[in-house]
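The values are calculated or read from the model by the stated rules, or taken from the named source; none is laboratory data. Everything quoted here is computed from the prediction, not taken from an experiment. Methodologically, a virtual Cβ is constructed for each residue, glycine included, from the backbone with ideal geometry; neighbour enumeration extends over all protein chains shown. Heads up: the accessible areas ignore ligands, DNA and RNA and are worked out on the full protein's heavy atoms, side chains in. Shrake-Rupley method; radii C 1.70, N 1.55, O 1.52, S 1.80 Å.
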Amino acid sequence: MTIGFSRRQGLLGGLAITASAPTLAAKRKKRNAETNLDLGPLDEIADKLLVHLRETATYNGTSGALNGGLLARQMDDYSPAGEASLRQAYTDAHDFMARIRIRGDSPAARHVGTINAILENATRSSVIPYGRINVLTFTGHSPYVVSQISGPHIDGINIMMEQQALGSPKAVDAWIEKLDAFPNSFAGVIEKMRADRAAGCIPPKILLEKTLPVLDDFLALSPADHPLMKAFASKMLRAGLSKRTRSTAIKRAVLALEKSAKPALQALRDEIAALAPDGRIDSGVWAQPQGDALYAANVIAQGDTQLTPDEIHRLGADEISRIAAEMNGILAGQGLTKGGIGERMAALAKDPKNLFADSDTGREALLS
């Protein structure tokens with residue numbers, strides 16, 4: 001049996017989605033999921049998950065997020081209720097896939113295996129109440145909703161700047177609607193942070209302190225200098241929208257930035273600033289409730305290995321010893337025998353014999 005594979009399914013399966021056009025089955029055939037897999041069931045699973053993963057859907061250009069679709073009009077629901085709904089959707093999808101049976105050798109069989117692995121990762125640590133699970137991103141089960149490197153205040157805004165389509169007036173309306181909804185969106189983020197703290201998860205103090213400047217940068221800039229507004233204007237221009245459409249849209253977006261987005265990010269900043277003095281001194285996730293279990297689950301999900309964290313640590317330590325011994329021999333062969341390996345590498349880099357002019361002639365000499 002051969003089936004088509006849509007961008008939504010590729011997203012779910014962790015496949016190369018950029019090679020798949022976003023498609024919808026115009027007419028889905030109903031078949032017994034116990035014996036056959038058709039396009040419909042896979043689309044149904046993806047659709048139900050992407051309702052909860054709107055930012056991921058927008059990032060990947062899935063059909064429901066294109067041209068101002070519903071998935072492009074709001075950020076994810078980071079509230080405790082939203083996270084609970086997402087985790088239930090993962091469980092429902094996992095249970096559904098467990099009932100799928102495919103006859104014969106087909107591409108569908110390979111897709112099902114990949115999807116099952118993804119859903120196993122999505123449900124493995126679901127008993128740990130804090131954090132956010134998105135196995136379609138690099139964070140896996142992130143213990144902290146907000147940090148200095150990830151979270152809606154970074155990833156969600158970057159998606160609006162870089163990936164969200166602005167090729168039509170309807171798409172522009174969706175973008176502004178999302179921006180205008182920041183107060184409700186980030187109220188959910190704050191609610192989740194408080195719920196996680198009640199569950200015993202308190203982020204490291206240093207992480208909280210490093211998150212504050214990220215928010216300060218968003219809040220400090222005027223609309224004319226704000227990267228979010230610059231990206232908005234630039235993308236509309238590249239899309240060929242009329243000057244009148246762009247001018248009106250920019251006025252609406254600036255109003256949403258000043259009246260909705262900045263107050264929402266200010267409320268988040270205030271929450272983090274209030275929490276920072278109570279932040280954990282220990283930075284490792286092991287210090288959080290069930291931290292060892294969370295770390296082990298992420299190792300499996302993101303490392304695709306059954307090795308334990310301790311086994312991986314020993315492997316890394318052994319590799320450091322092996323590579324250090326090899327480097328030591330090479331450095332000694334260059335007459336560098338005194339000092340640590342780092343010191344000798346620094347000396348090697350400063351050796352005039354290894355310095356070349358910043359010119360075409362210097363580059364040729366370096367390559368030679």
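Structure data summary
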quantity: Simple label model, 7 Å out from Cα along Cβ direction - residue 313 to residue 326, nm; calculated: 2.5
quantity: Rounded accessible area of residue 59 (nearest 10 Å², 1.4 Å probe); calculated: 120
quantity: Solvent-accessible area of residue 94 with every protein chain in place, 1.4 Å probe, in Å² to the nearest 10; calculated: 50
quantity: Low-density loop positions, chymotrypsin sites (Phe, Trp or Tyr not before Pro), the stretch 260-368 - DSSP coil, at most 16 other Cβ in 10 Å; calculated: 356
quantity: Taking the stretch 39-106 and dividing mean pair separation by its residue count, relative contact order in percent (alpha carbons under 8 Å, at least six apart); calculated: 27
quantity: Nonlocal amide H pairs with residue 280, under 5 Å, H built at 1.01 Å; calculated: 205
quantity: Pairs from 170/243; 178/251; 48/259 whose Cα-Cα separation, in the structure shown, is over 21 Å; calculated: 48/259
quantity: Carbon and sulfur %, accessible surface of the stretch 43-166 computed with the full protein complex present, 1.4 Å; calculated: 54
quantity: Relative contact order (%) - criterion: Cα under 8 Å, at least six apart; region: the chain; calculated: 16
quantity: Positive-end residue of 293, 81, 69, charge dipole of the chain with Cβ unit charges; calculated: 69
quantity: MRE, 222 nm, helices only [DSSP H, n ≥ 4, -39500 (n - 2.57), over the chain, to nearest 500]; calculated: -18000 deg cm²/dmol
quantity: Amide H within-cut-off set for residue 132, under 5 Å, with H built and near neighbours excluded; calculated: 142, 144
quantity: Rounded to the nearest 10 Å², the accessible area of residue 202 at probe 1.4 Å; calculated: 40
quantity: Sparsely packed trypsin sites (Lys or Arg not before Pro) within the stretch 318-356, loop by DSSP, other Cβ within 10 Å at most 12; calculated: 338
quantity: For the stretch 212-368, accessible area per residue (1.4 Å probe, heavy atoms of protein chains only), Å²; calculated: 65
quantity: Relative intensity, log₁₀ I(q)/I(0), of the chain from a Debye sum that treats every alpha carbon as a point, q = 0.09, 0.12, 0.15 Å⁻¹; calculated: -0.69, -1.03, -1.23
